[in-house]
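This report concerns only the one structure given below.
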Amino acid sequence: MTNLATKVDELTAQLSLEEKVGLLTGRDFWNTIPLESIGLRNLLLSDGPSGVRGEFWDERDNSLNLPSATALGSSWSNELAAEYGRTLAREAARKGVDVVLGPTINLHRSPLGGRHFECLSEDAMLTGALATSYTQAMQSLGKGACPKHYVANDFETERYTADVVVDERTLRELYLRPFEDAVIDGGAWTIMSSYNQINGTTATENDLLDAPLRTEWGFDGVVISDWTAVRSLESAKAEQDLVMPGPVGPWGAALVAAVQSGEVAEETINRKVRRLILLAIRVGAVGADGSTPAQPPRNNNITAESRSFARRAASEGSVLLENDGILPIVDLAKKASVALIGHNAKAARTQGGGSATTLPELIVTPLDALKDLLGSKLSYSVGAVVQRGVGELNKALLRNPVTNSAGVQVEFLGSEGEVLYTEERLASALTWLGSSAPVETASAIRLRTVYTPEVTSTELLGFASVQPVKVIVDGKLVLEAQLAPETSDVFTALMDPPYTSVPVEFKAGTPVSLEVHVDLANREGLALSAQNFVLGFETDRSNEQRLIDEAVEQAKASELAIVVVGTNAQVESEGFDRKDLKLPGRQDELVAAVVAANPNTIVVVNAGSPVLMPWRKDVKAVLVTYFGGEQMGNALVDMLTGATEPGGRLPTTWPATEASVPVINCTPDANGQVIYEEGIHIGYRAWLKAGATPAYDFGYGLGYTTWQVVAVSGDNQVSESKNLNILVEVKNTGDRFGKHVVQVYAERKNSAIDRPVRWLVGFAEVWAAAGETKSVAVNIRGREFADWNQGWNYEAGEFTLHIGSNVNDLPASFTVVMG
């Protein structure tokens, strides 16, 4: 370490003030600045956390699409989290990426949180443990992890300006806890600072970047800003290190002048530069002999190993909530007739919206996988419209009129209509973010393609964009509009733009020429350097009852009905919070109608966060697959047939009604504040304190076998410096191999301080054969019993440990003594 520190100091000393300050703002949207004089190449950062998109938001540059973070949280598996991290590291290497912007480790404070799907759990201890495994594993392969968003960024509404008012105890015990674990135990090389304020000070200027992050936890890595989160020169005085994106930012020449005037100490700049150089050395971006390393090689081949992991992770993260014995259906392939129903069965949501989006090469939907298994014995109907907006055109039906190959011809035009730049794209949903295309200087974009429909129909052809757009079909102008953004959040306006459509008649097999003009005049802010555009079809909602009736008829005529319900991009995405917990559209009516027509109904829930399920006790089984990644369909068939077991247990509480949720508000008040008035009582802690009963408890999940806690043993003495190691014997009392998650909760009766009724202190997964008894060790840190009051305090006396399978199913107990 001494030699490494010496090298870092030597390289820093070689730089002028201007060079040092220059390093602290990105070169562009995703890269840092290289300095050949010290053998430093650029560092490439990429969005995660459930895939690695890479430098370009381009369907030609495909990425692995892993199950969402809520699925990873549901695994309760440090081993799976580690493999998740290693898989992402291999993806990063494949795409030349040095730092992956993940994991997202904010908490599920409210089920309305828009990025709930991107976070792991409502519990700080569980989140911290999984984040540690993810981070360690990723960095073991030389790729930097970036736990985010530091800190209390647990909602999206007014996220740039909102002020989170939270007491220090709550901040320390809950919201800082996962970051502490990721830094101290995970050894994170970077952290991302958030947009919001914490107790009146913006995160990028907040003292929390120093204490506890630097001074107490010993963080020696780089604090990367969330994109555009640094808004002032003042943040340079804090322990904020890197401004993203670049090259324009609030530091630059203004920071050089501030150092020269004495307003900012040059040592403050040196600290930031040393951290950036240390990160570069860690990821191999600094040459050992003074020469600049070459850019890492890239390839477009996602490995079979990675795809296999995506499939396994989808099963291990899915949660079986109800099962009257119908699952698994070992002979599913022999069923005479199966009705598959639901918009999400065909237009499956494999990932959440926003910066977490990747561009997978393939997606196996439930319809794809079940069609492969059942062939003509499977019928399909939409049932109820879920996906809103304009969906891209089927890539297989597009032909580039210039090259005569598959896809779309895209041209960036100058002010005189001259072609500045050309792309041969494969899709009609296109994003330019950190692209080499001249987005900033072009006056317009022209798209051309030939679409050959498979069926004769009238479709709602339209676009999604905030720019003025003209759509021309076979030489005729059919649609011209400029749509106002529906949000003041600039990123959301870009990634989820408004849409419109008009009816157009198509004839099967007859090619149609489509031409689109996008006017790029009068742009400002993010739209100057980034663009998003979709050409496609809007789903017809003119006769929704007919869709339900068709589904009911198919269910009546079938031996088994499988209904896939879920959310859409207007419900769960970055940039906004949810309005309610209901399934969008008429999906609840659909399920009720289908189960009335066919009692053998299984419901699959394709949502990233809790939804209300008023029909949950009426159906044969309820299986939550979350956003299950690109192999979602294959994993679903694996679970339905028993080839794999749904291995998940809920990492957050699922309510029966919205009114019963004890902590739900995430909307800033008239003063722009979100007051965390519930303190340490969020998630299951809040439910226990309120004495309220949810639909499904924290930690709940059924699996395909049954379990019994046989015995608990171990040392009963714990202290600040001494951890507990307890041994739990569990028996698989069912008739097949399966998984159990041993969960340990602490309780302190007659405490001198406010505590949760009980709280998670340890967990471990165990796999065993039918009839087999296994012992599993659960390590519990002494800190799990501490409370914060101007420091960590350890209340002496007895604590009771409760051991079982969820927060309200704890048949065994064990007494320990603190002191």
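The values are calculated or read from the model by the stated rules, or taken from the named source; none is laboratory data. Here the structure is a predicted model, which means the values were calculated and not measured. Reconstructed Cβ throughout: ideal geometry from the backbone, glycine too, with neighbour counts over all protein chains shown. We work out accessible area using only protein heavy atoms, side chains counted, and drop any ligands, DNA or RNA first. Shrake-Rupley method; radii C 1.70, N 1.55, O 1.52, S 1.80 Å.
Of the solvent-accessible surface of the stretch 255-413, computed with a 1.4 Å probe over protein heavy atoms with every protein chain present, carbon and sulfur atoms account for 49 percent.
Rounded to the nearest whole Hz, the Karplus-based 3J(HN,Hα) values (6.51 cos²θ - 1.76 cosθ + 1.60, θ = phi - 60°) of the stretch 462-471 follow the sequence x, 9, 10, 5, 9, 8, x, 9, 10, 10, with x at glycine and proline. Working note: Cα atoms of the stretch 170-303, range along each principal axis, descending, whole Å: 46, 41, 26. Taking each residue as 0.36 nm, the span from Leu727 to Asp580 lengthens on full extension beyond its C-alpha to C-alpha distance by 48.7 nm. When both bridge partners sit in the chain, DSSP labels roughly 70% of those beta bridges antiparallel. This model, with +1 at the C-beta of Lys and Arg and -1 at the C-beta of Asp and Glu, gives the chain a dipole about its Cα centre of some 1640 debye.
By the helix-only formula, in which each DSSP H run with n ≥ 4 contributes -39500 (n - 2.57) and the sum is divided by residues, the chain has a 222 nm mean residue ellipticity of -6000 deg cm²/dmol.
For the stretch 11-170, treating each Cα as an identical point scatterer without solvent, what Debye log10 I(q)/I(0) comes out at q = 0.10 1/Å? For the stretch 11-170, the Cα-only Debye profile gives -0.44.
Counting Lys and Arg as +1 and Asp and Glu as -1 over every other residue whose Cβ lies under 11 Å from the Cβ of Asn808, the net charge comes to -1.
Couplings 3J(HN,Hα) of the stretch 529-546, computed from phi: 10, 9, 9, 9, 8, 10, 10, x, 10, 9, 5, 6, 10, 6, 9, 6, 5, 4 Hz, in residue order, whole Hz [Karplus 6.51 cos²θ - 1.76 cosθ + 1.60, θ = phi - 60°; x for Gly and Pro]. Using every pair of distinct Cα positions in the stretch 473-572, the Kirkwood expression returns a hydrodynamic radius of 17.8 angstrom.
Take the Cα of Ser719, go 7 Å toward its beta carbon, and none of the backbone nitrogen atoms of the stretch 732-773 fall under 14 Å from that spot. Overall shape of the stretch 658-697 was characterised from the C-alpha gyration tensor. The equivalent ellipsoid obtained from it has semi-axes of 22, 11, 7 Å, in decreasing order. Excluding same-chain neighbours fewer than eight residues apart, the lysines reachable from Lys7 by a Cα-Cα span under 17 Å are Lys20, Lys272. Normalising by residue count, the stretch 349-397 has a Cα convex hull of 124 Å³ per residue. Direction-averaged projected area, Cα convex hull, the stretch 17-94: 7.0 nm², rounded to one decimal. For the stretch 524-575, the mean projected area of the C-alpha convex hull, equal to one quarter of the hull surface, is 6.4 nm².
Exceedance of the 26 Å cut-off in Cα-Cα distance is limited, within the set Lys143/Lys739; Lys620/Lys739; Lys395/Lys476; Lys346/Lys582; Lys148/Lys739, to Lys143/Lys739; Lys148/Lys739.
Net charge of the neighbourhood of Phe117, taken over other residues with C-beta under 14 Å away and scored Lys/Arg +1, Asp/Glu -1, is -4. Based on protein heavy atoms only, the stretch 157-257 ends up with 30 Å² per residue of surface accessible to a 1.4 Å probe. Given +1 at the Cβ of Lys and Arg, -1 at the Cβ of Asp and Glu and no other charges, the dipole of the stretch 659-805 around its Cα centre is 280 debye to the nearest 20. Taking every Cα-Cα distance in the stretch 288-334 and sorting them into 10 Å bins from zero, the calculated P(r) comes out as 17, 23, 24, 16, 10, 7, 4 percent. Let me test this: with uniform point scatterers at the alpha carbons of the stretch 256-381, what is the Debye-based log₁₀ I(q)/I(0) at q = 0.17, 0.20 1/Å? Cα-only, vacuum Debye calculation for the stretch 256-381: -1.13, -1.33.
The share of accessible area on the stretch 1-140 that comes from carbon and sulfur is 53 percent, using a 1.4 angstrom probe. Annotation: peptides 196-204, 239-247, ranked by per-residue average of other Cβ atoms within 10 Å with the highest first, follow the order 239-247, 196-204. All Cα-Cα separations within the chain were binned at 10 Å from zero, giving a P(r) of 2, 13, 22, 25, 20, 11, 4, 1, 0, each value a whole percent of the pairs. Convex hull volume of the Cα atoms of the stretch 497-647, normalised per residue: 201 Å³. The slack between Glu589 and Lys556, meaning 0.36 nm per residue of separation minus the straight C-alpha distance, is 10.3 nm. Largest first and in whole Å, the equivalent-ellipsoid semi-axes of the stretch 732-819 read 31, 12, 10, each the square root of five times a Cα gyration tensor eigenvalue.
Both numbers refer to the Cα atoms of the stretch 107-216; Rg and Dmax are 13.3, 39 Å. Calculated accessible area for the stretch 521-591 comes out at 41 Å² per residue, all protein chains present (probe 1.4 Å; ligands, DNA, RNA ignored). Stretching Thr441 away from Thr303 to a fully extended chain increases their span by 45.9 nm, per 0.36 nm per residue minus the current alpha-carbon distance. With kT/(6 pi eta Rh) evaluated at 20 °C and eta = 1.002 mPa s, and Rh the Kirkwood radius from Cα pairs, the stretch 646-798 diffuses with a coefficient of 119 µm²/s according to Stokes-Einstein.
Karplus-derived 3J(HN,Hα) values for the stretch 406-419, using 6.51 cos²θ - 1.76 cosθ + 1.60 with θ = phi - 60°, are 5, x, 10, 8, 10, 10, 8, 10, x, 5, 9, x, 6, 7 Hz; glycine and proline are entered as x. Computed over neighbours whose Cβ is under 9 Å from that of Asn299, the net charge equals +3, Lys and Arg +1, Asp and Glu -1.
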